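A quick write-up on the structure given underneath.
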Amino acid sequence: MLPKRVLKSSASSTAPPAQSTSTAAPTTTAADFGLLLIRLTIGLLLAAHGAQKVFGFFGGQGLTVTGKGFAALGYHPGKLFALIGGMSELLGGLGLALGLLTPLAAAALIGVMINAMVTVTGAHGLWDVDGGVEYNVCIAVVALGIAAIGPGRLAADRPFRWGKGGWKEAAFALGLGGIGAAITLSL
C-alpha cells in the first residue's frame, strides 16, 4: 500500500520541481558535430572554388582568365566582377566553415549562387547533369539553413546573438544576398 500512497501524494503535489544548482556546461552533441561537418564541407569547398577564381589555386584559371569568362557573361569590367564573385565565395566559404559572422557569410554565398543561377545555370533547367541550377540551389539552401538554425556550438559566433540563428538572421542572409545579387545583375 505504501507505493500507491507515495504515487498518489506525488501526483497531487503542487510544489514546483526542485531546481538544479548544477552549472555544468552542456555537452557537445551529435547535432553540433553534424553542423560542423556541413559547415566545413560546404564552406571549405566554396572557399577553394573562390581561390580558384582569384588566385588560380587548386587547378583554377586565376583572375585574368576568370575575368574574361565573366566579361563573356555580360559582367563589365569582367576582372572586377570575377574578383567580387571569387572573394565572395572565398570569404563567405571561410566564414561559413568557421561559423564566423555566419549570416553575412551566408548572404555572400546566397548572392553568388543567385548570380550563377541567373547568368549561367538557369537556362539549362534543374539538373546539374544538364548544366542546371541543382548545385547552386543546394549551396544557397544550405547557407540559408545554417543562418536560420545557427552555426552550432562549435562555431566562432557562439558567444554572439547572431550565433544562435533565427528568423532575423535568415531574413538578413536572404535579403542581403538577394539585394547584392540584384545590384550586381543590374549593372
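Summary table
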{"item": "Computed lengthening from Lys68 to Trp167, 0.36 nm per intervening residue step minus Cα-Cα distance", "result": "31.8 nm"}
{"item": "Radius ratio Rg over Rh of the stretch 26-129, counting only Cα atoms, Kirkwood formula for Rh", "result": "1.05"}
{"item": "Heavy-atom surface of the chain, accessible at 1.4 Å and reported per residue (Å²)", "result": "59 Å²"}
{"item": "Listed peptides 116-129, 94-107, 142-155, 35-48 by packing density, highest first (mean Cβ within 10 Å)", "result": "94-107, 142-155, 35-48, 116-129"}
{"item": "Positive-end residue of Ile42, Ile146, Met117, charge dipole of the chain with Cβ unit charges", "result": "Ile146"}
{"item": "Gyration tensor (alpha-carbon) shape descriptor, the stretch 45-102, a/c threshold 1.5", "result": "oblate"}
{"item": "Computed E for Ile183/Val129 - FRET, C-beta separation, R0 30 angstrom, nearest 0.05", "result": "0.45"}
{"item": "Shape call, the stretch 116-187: gyration tensor on alpha carbons, a/c limit 1.5", "result": "oblate"}
{"item": "Point-to-point label distance, Val141-Ala30, nm (Cα→Cβ direction, 7 Å offset)", "result": "2.3 nm"}
{"item": "Apportionment of accessible area to carbon and sulfur, the stretch 94-169, percent (1.4 Å)", "result": "74 percent"}
{"item": "Prolate/oblate/rounded label for the chain (Cα gyration tensor, a/c 1.5)", "result": "prolate"}
{"item": "Charge context of Leu96, other residues only, Cβ under 12 angstrom, K/R +1, D/E -1", "result": "-1"}
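The values are calculated or read from the model by the stated rules, or taken from the named source; none is laboratory data. For clarity, every value in this text was computed on a predicted model and none was experimentally measured. We place every Cβ from the backbone using ideal geometry, glycine too, and count neighbours over all the protein chains shown. Note: accessible area is taken over every heavy atom of the protein model, side chains too, but ligands, DNA and RNA are not part of it. Shrake-Rupley method; radii C 1.70, N 1.55, O 1.52, S 1.80 Å.
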